[in-house]
Structures are given as structure tokens and as C-alpha cells.
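What follows is a single structure, written as C-alpha cells, with notes after it.
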């Protein structure tokens, strides 16, 4: 509750805190220097160097794109899409929901406080976004890894109940050997604690563990903790790498 109140005050009085990235850096005390072409050295990584692959979920296995969600859930008000994207998906309250430090009702109330007329739309977004389609390339990559006998884990920023729902909707989650979910652990990427927890809980050898994520900041954090990492930033990249 203290964290929720502090973030709410800061977010309200300082426009710069509307940047989710800035909020995350404050929250977990992480400042990254992003390296260009960060995964070049992994383009030639031999398969025999990897015994574990860790997948992010959003935009690797499940398609999570704000414009598509807004068009599907609130098709009747395209004029509100930009404002809702800013107020919902790019607010610090979204990260708090991922962390498990705020309830859905608390988040809806905070997001709609200054514009109560948006509350019905915000509520629809917060309750209906969870129906996400699978990403064929990511799922195919997961199956390739399973056939090759490597250990498979998911490391994801996801609220607990919403992640449980996703697992019920998609059979491919049964392929994993384990999950580390931010909403259950109360810590989120790119904070280093969640990566260290991943390594210790599943007894991973970082040098033989490949982490896949669409966020460059999350990739940088993984490298900081000694993991191998592959930035999934374009279609075809996963199958190109894992087909070797």
C-alpha cells in the first residue's frame, strides 16, 4: 500500500514519471547502458552450449500489442485509443499490477481518478485484455527446444491470476518445466532480483542458459546476471537462430 501511494503521488505531480521505463528504474534502482547490437555474439552460438532456454511470454509467445488490444476491446472509440494507451498500458500502475502490489480495482481507480468518464473503458481494458493470441514463431521455437531435450522455463511480468488464465487457454504452456511469474514473486523485470531468483530456484548454469525477450532492457538485465540472451526484435529471428 505504501508503494502504491508513493507511486500515485509521484505520477500525479511529475509528468516525467509517466514514462514506465523511468518508473521501473526508480522502483528497482536499476540504470542500464543499453549496448547496440546486443545479441550479435550469440548469432553463432552452438546448440551444444545451451542446456536451458528461458522464454519471456508477452510478444514472444503471446501477442501483446496495445493498438490491437484497443481496436478489439474498444472499437467504437478510436479517438480515445492514444489516451487510453498512455493512461493504462504506459502508466506505473500497470507495472504495479504485474508486481502483484495492487489489485485490479485499485489500479482502475488510480487510472481513472483524474478522468472518471474514462473509467468504463479502463475497466474493460483491465478485464478483457487477457485473451491474447499465440505467436506462431515463438510457439514453434518452444516446440523445437522441447524436441531437442533442453530444459524450458518462462520468466514473465504477469499478474498471477491473469497468467493462470493464459495457461488454461494455451496448451503450449504444458511444455515448460517451470515458471517464474512476477505477480507471484512480487518483483519484476528488469530488476536483477528476479533473474537471480530464476537462477537459484531452478539451479541454472547462467553460461548454458539462453534467455529470450522482446525488451532490450530485460535483455540487458539478463546479461548483467550472467545469462546468455537473445533479443527477439524482428519476425523470423527465432526460427533462424534455432534452426541451426
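On full extension of the chain, what length is gained from residue 103 through residue 168, given 0.36 nm per residue of separation minus the C-alpha to C-alpha distance?
Working: separation 65, 0.36 × 65 = 23.40 nm, distance 2.13 nm.
Between residue 103 and residue 168, full extension yields 21.3 nm more.
For the peptides 114-122, 228-236, the ranking by mean Cβ contacts within 10 Å, running from highest to lowest, is 228-236, 114-122. The modelled label-to-label distance between residue 240 and residue 205, using points 7 Å beyond Cα along the C-beta direction, is 2.9 nm.
For 81, 186, the sequence from fewest to most other C-beta atoms within 10 Å is 186, 81.
Cα gyration tensor of segment 169-238, axes a ≥ b ≥ c as square roots of the eigenvalues: rounded (a/c below 1.5), prolate (a/b > b/c) or oblate? Rounded. The residue 49 and residue 184 beta-carbon pair, evaluated with R₀ = 22 Å, returns a calculated FRET efficiency of approximately 0.15.
No value in this document is a laboratory result; all are computed from the given coordinates. Remember, it's a predicted structure, so these values are computed and weren't measured experimentally. Virtual Cβ from ideal backbone geometry, glycine too; neighbours counted across all protein chains shown.
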